C-alpha cells in the first residue's frame, strides 16, 4: 500500500546512535517570519572473498543491470566487514548485506563501484583495495590487526564511516574529521543506519556521494528551496494554510512531521495517520498537487526490472487470469489476500493489511483497496482504507496503479511475480512515485489467504520469486496479524469478481 509521501526535511546528521533532537516550529504567519515545517524547507564468505559491484555477466546470479566497462567510475566505495559478523537484518551476515548493497547501488547509477571484503584479507591486497577509494565503510571491525591497517591506509580517503567498530577508527566526511560543518550530515547517516534495512543502508552511501563527491539525481529533492516556496503557498493556498494552522489536528500534524527524521517515512506517515483530516488533505492538495509549491519532481524507478510470471496452472497467463489472481480469495473469503511480509520499510510493515481487488461496475474497470491498521502516536490502533484505480500494462501480468492519497497522487507499476497454483501464496512487486512530493520507491509484498507464511515445501519457489525481484528474504518485514478484529471490509455495489480462474475447489 502506498500513502502520502510528504517531502522530507533537509538532511541533518551526526554519528551518535542514541541521540535524537527535535526542532521547534513557529506559526507566526507573516512572509518574513513564518517558519515552514521541516518537510517544506527542502527541495529537496571465505576470508579472501572479494566482490565488486561492477557485476559480472552470464555466469553471475546477481540482479541484471547494464554495464559500461569503458567508463571509469567516479565513485569507488570500499566496505570492510568483520569476518563472520552478523547483522540485525534477521542475522544475515554483514558480508551478504554489503554485497547486496553493492548490487542495489547499481540501480541508481551503474558507474558506482563498490568493493566488499572481510577484515582478514591478505596483506598484499590491503593497500591496493583502499587505493583510489573515496568512501570507506567499516562495519563490525574490532580486531587490533585490521584496525591498524585500516587506520594506516585510510588516511587519504576523504570519507570514512565506521559502525559497531573499534573506537580507534575515526569518521571522516569531505576530507575532515566530523566537525561543526559535517556533524549534521553525520547525524542523518547515523539515524538512517540504525533503522537497519537495505533502503536506509544504501541511502547512507548515496547521501555521502551526493554531499561530497557528485550530485545524486534521486536525492535532488533534498536541496533547500527558500522564499519561492513560501511565496507560492501564500499566493495560491493562503486559505488552506491558515485553516491548517488554526485547526488543532492539522497543526499537530505539521508539528509532528517537523520532529521526524528527514528520511524516516514511517514516522512521517504515522504523523499523518494520527492527525488525518479533510483540512490536512486540502492543505496538501493545494500546496503539493495543484501548485507544486516545492517545485519537486520524481520518476518511477526503472530498476530493478522484474519479469512477471508467464504461466498459471500450466496455461499461458492472460490479462483476465492475471486480474483473477489479484482478486484471489475474494468471494470465498471477505478479502483477496492478507499481507504476510513486505520489503519496503516505510509502507509494508503496518499491522493487519487486507487487500481487496475487484472489477468495477463499468466495463473494463478494476480497483484495488488496501485496508490496514496504523498505530497512532497516542497508542490507538486505527483502520485506514485507500482506493486505487488499476489499468492493465502492455505486458501480461503488469499493471498501472494510481491513487489520490491525502491530497497527493501516487502512480505505481505492479508486477505479479508469482502465485502458487493453489493460491496458498503470492508475491507482488511494485515501483512508484509521488511526483509532486518528490518521492520514488520500490518494494514487494508477500501475500497469503490467512496472513501466515507459506509452508516449508514452498520455500524454494518463494526464494526463486524473491530472487527475480532482486530481494533477499532477510529484507522482508513481517506484518503483525495478531489483533485484526473488525476490519472495515466490504465492496461497492455492482462489483464483479473472477471471470476465468476458479477458486471454488480450493481449501483455505
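A few notes on this one:
- Sequence-distant contacts, meaning Cα pairs under 8 Å at least 6 residues apart, place the relative contact order of the range 311-478 at 22 percent.
- Set of the range 228-245 residues, backbone N closer than 19 Å to the point 7 Å along the Cα-Cβ line of residue 292: 228-237
- Between residue 246 and residue 124, the contour length at 0.36 nm per residue exceeds the Cα-Cα span by 37.2 nm.
- Rounded is the label for the range 311-478, because the ratio a/c of its alpha-carbon gyration tensor axes (a ≥ b ≥ c) stays below 1.5.
- Sites residue 180 and residue 152, calculated FRET efficiency, Cβ-Cβ separation with R0 35 Å, nearest 0.05: 0.80
- Label-point separation in nm, residue 311 to residue 267, each point 7 Å along Cα→Cβ: 5.0 nm
- Reducing the range 410-484 and the range 185-204 to their Cα centroids gives an inter-centroid distance of 23 Å.
- Full-stretch length increase - residue 132, residue 375 - with 0.36 nm per residue and alpha-carbon distance subtracted: 82.8 nm
- Three-way shape call for the range 50-221 based on the alpha-carbon gyration tensor, with the a/c threshold at 1.5: rounded
Quick note: the coordinates plus some simple rules give every number you see, no bench work behind them. Bear in mind that the values here come from a model prediction, so they are computed numbers and not experimental data. Positions of Cβ are generated from backbone atoms using ideal geometry, with glycine treated the same way; all protein chains shown enter the neighbour counts.
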